[in-house]
Amino acid sequence: MKDATTWEKVDEYVTERVIPFDGVMEKVLSNNRQAELPDIAVSPAQGKWLNVIVQIKGAKRILELGTLGGYSTIWMARAMGTDGRLITLELDPHHAETAKANIAVAGLEDRVDIRVGNALEQLEQLSKEETEPFDLIFIDADKPNNPNYLRWALHFSRPGTVIIVDNVIRDGEVIDHHSTDPRVHGVRKFFDILSTELRLTGTALQTVGSKGYDGFYIGVVVSAD
């Protein structure tokens with residue numbers, strides 16, 4: 001079995017071969033480090049994967065839960081084109097300010113709307129605004145609330161909406177029903193909902209790389225009710 005060092009080297013190899021050097025993204029990562037943000041953003045390979053999914057879907061309306069420093073935000077917003085709009089929700093004002101500066105560096109202020117505050121309250125506000133359904137929803141926020149975020153994602157969806165959720169394997173701990181980690185419980189409850197949710201079809205993929213052993217859920221909404 002290969003170890004984490006190999007996973008990281010393979011990530012570096014893939015990044016060198018298929019993701020051209022990008023001064024803007026390097027600046028974004030540098031800004032995040034200087035702002036002392038936690039090192040929990042998606043990897044370059046994962047960011048590019050999100051970018052490609054947005055292109056495949058042709059998504060023009062994206063909702064992101066969990067902005068951090070805006071790294072994944074920028075990857076997705078770039079793929080929408082100039083006529084796209086991305087709404088991203090962030091709890092921490094410092095993270096949001098860093099993301100705002102990074103999005104300006106990327107020249108994407110005209111298509112990204114950062115909303116600061118409790119995500120559940122922000123989602124409630126979006127509902128009051130009668131926000132139209134999104135083409136793609138990316139959930140990468142606090143894991144204990146994943147079940148609530150999934151319910152809201154379905155609320156803001158229509159048939160064809162793609163829903164992606166990060167960190168759903170958690171180093172394999174997702175299968176440990178004795179876990180005392182609330183993040184693991186949140187992911188397990190998320191999967192429990194999926195097991196009976198007929199409006200959504202999808203799968204989870206385990207991943208290894210510079211971010212360790214984890215995984216993504218990706219699904220598509222097939223029915224409005």
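Quick notes on this structure:
- Judged by the mean number of other Cβ atoms found within 10 Å, the most tightly packed of the peptides 18-24, 152-158, 162-168, 197-203 leads the ranking 162-168, 152-158, 197-203, 18-24.
- Simple label model, 7 Å out from Cα along Cβ direction - Val14 to Ser195, nm: 2.9 nm
- Beyond 30 Å in Cα-Cα separation lie the following of the pairs Lys27/Lys189; Lys9/Lys60; Lys128/Lys211; Lys57/Lys189; Lys100/Lys189; Lys57/Lys211: Lys27/Lys189; Lys9/Lys60; Lys128/Lys211; Lys100/Lys189.
- Hz values of 3J(HN,Hα) by residue in region 31-46 - Karplus curve (6.51, -1.76, 1.60), Gly and Pro given as x: 4, 5, 5, 5, 7, 6, 6, x, 7, 10, 5, 4, 6, x, 5, 5
- Only one item in [x] 15.7; [y] 13.2; [z] 12.6 matches mean projected area of the Cα convex hull in nm² derived from the coordinates shown, and that item is [z].
- Highest mean packing comes first when the peptides 25-37, 87-99 are listed by Cβ atoms within 10 Å, giving 87-99, 25-37.
- Each residue of region 139-148 is assigned a 3J(HN,Hα), and the resulting list reads 9, 8, 10, 5, 5, x, 8, 3, x, 5 Hz, derived from the Karplus form 6.51 cos²θ - 1.76 cosθ + 1.60 (θ = phi - 60°), x at Gly and Pro.
- Modelled FRET efficiency - R0 25 Å, Arg85 with Ser127, Cβ distances, 0.05 increments: 0.90
- Surface listing: Asp171, Asp140 arranged by accessible area from highest to lowest gives Asp171, Asp140, probe 1.4 Å.
- A Förster radius of 22 Å, combined with the Cβ-Cβ distance separating Thr5 from Arg33, puts the computed FRET efficiency at roughly 0.50.
The values are calculated or read from the model by the stated rules, or taken from the named source; none is laboratory data. Here the structure is a predicted model, which is why all the values come from computation and not from measurement. Note that we place each Cβ from the backbone using ideal geometry, even for glycine, and neighbour counts take in every protein chain shown. We work out accessible area using only protein heavy atoms, side chains counted, and drop any ligands, DNA or RNA first. Shrake-Rupley method; radii C 1.70, N 1.55, O 1.52, S 1.80 Å.
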